[in-house]
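The values are calculated or read from the model by the stated rules, or taken from the named source; none is laboratory data. This structure is a prediction, so every number in the text was calculated from the model and none was measured. Cβ: placed from backbone, ideal geometry, glycine included. Neighbour counts: every protein chain shown.
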Amino acid sequence: MCGPAAAGGSPAGAIRTARLVLAPVGWGDLAELRALKTDPGAYGLMLGGVRRVPQVAEELAEDLNLWAAVGTGMFTVREAGVFRGIAGVHQRPDGRGVGLRFCLWPAARGRGLAREAASAALGHAHGAGLARIIAVARDSNFASRLVLGSIGMQECGGFERDGHTMLVYESMR
């Protein structure tokens, strides 16, 4: 899905923000996704936690299927050409629907990049016709909760998982 470069040097289907380029994930991104998703410092707080190497390829295949089905999904996030992380939507395995997900390398955090990427990805998903998008964050993950609130998502419920209280947010358009 990460097609040839479009005018301006961005991959086809990419979103440009003030500082970032979000490009649809593709098989060419597998090594960067594997590094991010198997790193405890980067992916440790994500729902489901750090991934095993084979899981990363399985999730990428699922992401590509969502792109094919609904015209939106996960994006790589790059700042000045450097891979900073991911943002986008995925089909949640727990049946709650399409969920917003974002994760940046720890070195890229604290500068508003997650909010910028998550906002762009959320807008793209709604623009693709998805009326309801949820996100889930641990109640103790104040950084993610701040991002979700700052992009207009509203807390709408919660559940317990692996000894943690998980808060559910939604965006309706």
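Take the conditions touching a helix residue (DSSP H, G or I) at 6+ places or on another chain (Cβ under 6 Å), more than 25 Å from Thr17 (Cβ to Cβ) and not charged (D, E, K, R) and apply them to Val89. Does it pass? So Val89 fails the test.
Condition check ((1) out of contact with any Phe, Trp or Tyr (no Cβ under 6 Å at 6 or more places or on another chain); (2) on the phi > 0 side of the Ramachandran plot) across all residues:
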position: Leu130; (1), (2): yes, no
position: Ile133; (1), (2): yes, no
position: Asp139; (1), (2): yes, no
position: Gly149; (1), (2): yes, no
position: Gly152; (1), (2): yes, yes
position: Gly157; (1), (2): yes, yes
position: Arg161; (1), (2): yes, no
position: Met166; (1), (2): no, no
position: Ser171; (1), (2): yes, no
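Tallying residues that are of a type outside the set (A, V, I, L, M, F, W, C), part of a helix (DSSP H, G or I) and modelled with pLDDT under 95 within the stretch 8-45 yields 3. Among the residues making up the stretch 120-148, those that are within 18 Å of Met46 (Cα to Cα) and either surrounded by fewer than 17 Cβ atoms within 10 Å (Cβ to Cβ) or in contact (Cβ under 8 Å) with a residue 60 or more places away in the chain (or both) are Ala121, Val136, Arg138, Asp139, Ser140, Asn141, Phe142, Ala143, Ser144, Leu146.
If you scan the stretch 135-173, which residues turn out to be in contact with an Asp or Glu (Cβ under 9 Å, 6 or more places away or on another chain) and acidic (Asp, Glu)? Once the filter is applied, which keeps residues that are in contact with an Asp or Glu (Cβ under 9 Å, 6 or more places away or on another chain) and acidic (Asp, Glu), the stretch 135-173 yields Glu155, Glu170. Here Ile151 clears all of (1) surrounded by 13 or more Cβ atoms within 10 Å (Cβ to Cβ); (2) at pLDDT 95 or above; (3) more than 19 Å from Arg16 (Cβ to Cβ); (4) not acidic (Asp, Glu) except the condition numbered (3).
Just one of (1) touching a Leu at 6+ places or on another chain (Cβ under 8 Å); (2) among the hydrophobic types (A, V, I, L, M, F, W, C); (3) in contact (Cβ under 8 Å) with a residue 40 or more places away in the chain trips up Val56, so point out which. Failing condition for Val56: (3).
Which count do you get for residues in the stretch 46-55 that are outside any helix (DSSP H, G or I), loosely packed, with under 13 Cβ neighbours inside 10 Å and either on the phi < 0 side of the Ramachandran plot or touching a Lys or Arg at 6+ places or on another chain (Cβ under 7 Å) (or both)? Spell out the reasoning first.
Step one: filter the stretch 46-55 for residues outside any helix (DSSP H, G or I), giving 46-52.
When the remaining residues are screened for being loosely packed, with under 13 Cβ neighbours inside 10 Å, the result is 49, 52.
Checking which are either on the phi < 0 side of the Ramachandran plot or touching a Lys or Arg at 6+ places or on another chain (Cβ under 7 Å) (or both) leaves us with 52.
Residues in the stretch 46-55 being outside any helix (DSSP H, G or I), loosely packed, with under 13 Cβ neighbours inside 10 Å and either on the phi < 0 side of the Ramachandran plot or touching a Lys or Arg at 6+ places or on another chain (Cβ under 7 Å) (or both): 1 in total.
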